[in-house]
1. Name the residues in the range 68-90 that are outside any helix (DSSP H, G or I) and closer than 30 Å to residue 22 by Cβ, would you?
2. Which members of the range 63-79 meet the condition of being under 16 Å from residue 95 (Cβ atoms) and either exposed (fewer than 10 other Cβ atoms within 10 Å of the Cβ) or of a type in the set (Val, Ile, Thr) (or both)?
3. Taking the range 25-43 as the region of interest, how many residues are within 21 Å of residue 94 (Cα to Cα) and surrounded by 11 or more Cβ atoms within 10 Å (Cβ to Cβ)?
4. Within the range 55-67, does at least one residue satisfy the condition of being modelled with pLDDT under 80, among the small types (Gly, Ala, Ser) and assigned to a helix (DSSP H, G or I)?
5. Here is a list of conditions, (1) surrounded by 10 or more Cβ atoms within 10 Å (Cβ to Cβ); (2) at pLDDT 85 or above; (3) of a type in the set (A, V, I, L, M), and residue 98 meets all of them except one; can you say which number that is?
6. Go through the range 44-62 residue by residue and tally those that are surrounded by 12 or more Cβ atoms within 10 Å (Cβ to Cβ) and within 15 Å of the chain's Cα centre (by Cα).
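The values are calculated or read from the model by the stated rules, or taken from the named source; none is laboratory data. These figures come from a predicted structure and were not determined experimentally. In this analysis, Cβ positions are derived from the backbone assuming ideal geometry, glycine residues included, and neighbour counts consider all displayed protein chains.
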Amino acid sequence: AVYCIDLFSDPSGKFTKLLDLMLENDCGCMHLLCWIEPHAVEQVCEKITSEMDEVKRALAGDIKSITPESLLMWDVNPSIRSVINQNAPITGQILGALYQVPQGKA
């Protein structure tokens, strides 16, 4: 267990160098990516859930402030975009990347 503590607290970056070496090797890269994929997906899903909770809180306004006139003038794009940029930057980045994918590839 001591070696783990040393590995993660080493300021020389040995752990990072080890990961870089694994990614540079075809076989090592395949094994690392197979291992990390489910963990990465789980982390991304948790982050999106957390950010969307923040977005819901930010969008939850006072119901009395909604009038027919305000609904007619409301533009969803700037309203949502500013809330996403401020409260959900990772989710926004993922959505932006999806937007860049050519049709039929997603």
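1. At the first step, the residues of the range 68-90 found to be outside any helix (DSSP H, G or I) are 74-75, 88.
Hits for the range 68-90: nothing passes.
2. Listed by number, the residues that qualify are 76, 77, 78.
3. So the count comes out to 4.
4. Scanning the range 55-67 turns up at least one residue that is modelled with pLDDT under 80, among the small types (Gly, Ala, Ser) and assigned to a helix (DSSP H, G or I).
5. Tallying (1) surrounded by 10 or more Cβ atoms within 10 Å (Cβ to Cβ); (2) at pLDDT 85 or above; (3) of a type in the set (A, V, I, L, M), residue 98 fails exactly one: (1).
6. Total satisfying the criteria: 9.
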